[in-house]
Amino acid sequence: MVALSEQQIIDQIAERLTGIHPEVPPEAVTRVVRQEHARFNGRPVRDFVPLFVERYAKRELAKLHS
């Protein structure tokens, strides 16, 4: 089994959200995902960071579209 790094998972989230939000430029999606990921810098527990990043990024992208 190959384990993905946290950064690889974050990149996949950005790709997935780009497909879900075609009305938002891909650079903006990537920026939002990176900003949300940065919220967790320095936090010791990393297990759920990708889940939280995706959840918060979806929320922010929905705001951009409305």
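The values are calculated or read from the model by the stated rules, or taken from the named source; none is laboratory data. As the structure is a prediction and not an experimental result, all values here were calculated from the model. For accessibility, only protein heavy atoms count, side chains too; no ligands or nucleic acids. Shrake-Rupley method; radii C 1.70, N 1.55, O 1.52, S 1.80 Å.
Each residue of region 17-22 was assigned a 3J(HN,Hα) from its phi angle through the Karplus expression (A = 6.51, B = -1.76, C = 1.60, θ = phi - 60°), giving 5, 4, x, 6, 10, x Hz with x at Gly and Pro. Here the chain has 56 percent of its accessible surface on carbon and sulfur atoms, given a 1.4 Å probe and all protein chains in place.
May I ask you to give the solvent-accessible area per residue for the chain, in square angstrom, as obtained with a 1.4 angstrom probe?
Values: 4720 Å² over 66 residues.
So the chain comes to 72 Å² accessible per residue, rounded to a whole number.
Counted residue by residue at 0.36 nm each, then reduced by the alpha carbon distance between them, the extension gain from Q35 to E15 reaches 5.7 nm. Which values of log₁₀ I(q)/I(0), to two decimal places, follow from the Debye formula for the chain at q = 0.15, 0.26 Å⁻¹ with a uniform point scatterer at every Cα? Those come out to -0.44, -1.13, one per q. The phi-based Karplus calculation (6.51 cos²θ - 1.76 cosθ + 1.60; θ = phi - 60°) puts the 3J(HN,Hα) values of region 34-44 at 5, 5, 5, 5, 4, 4, 9, 4, x, 7, x Hz, whole numbers, x for Gly and Pro.
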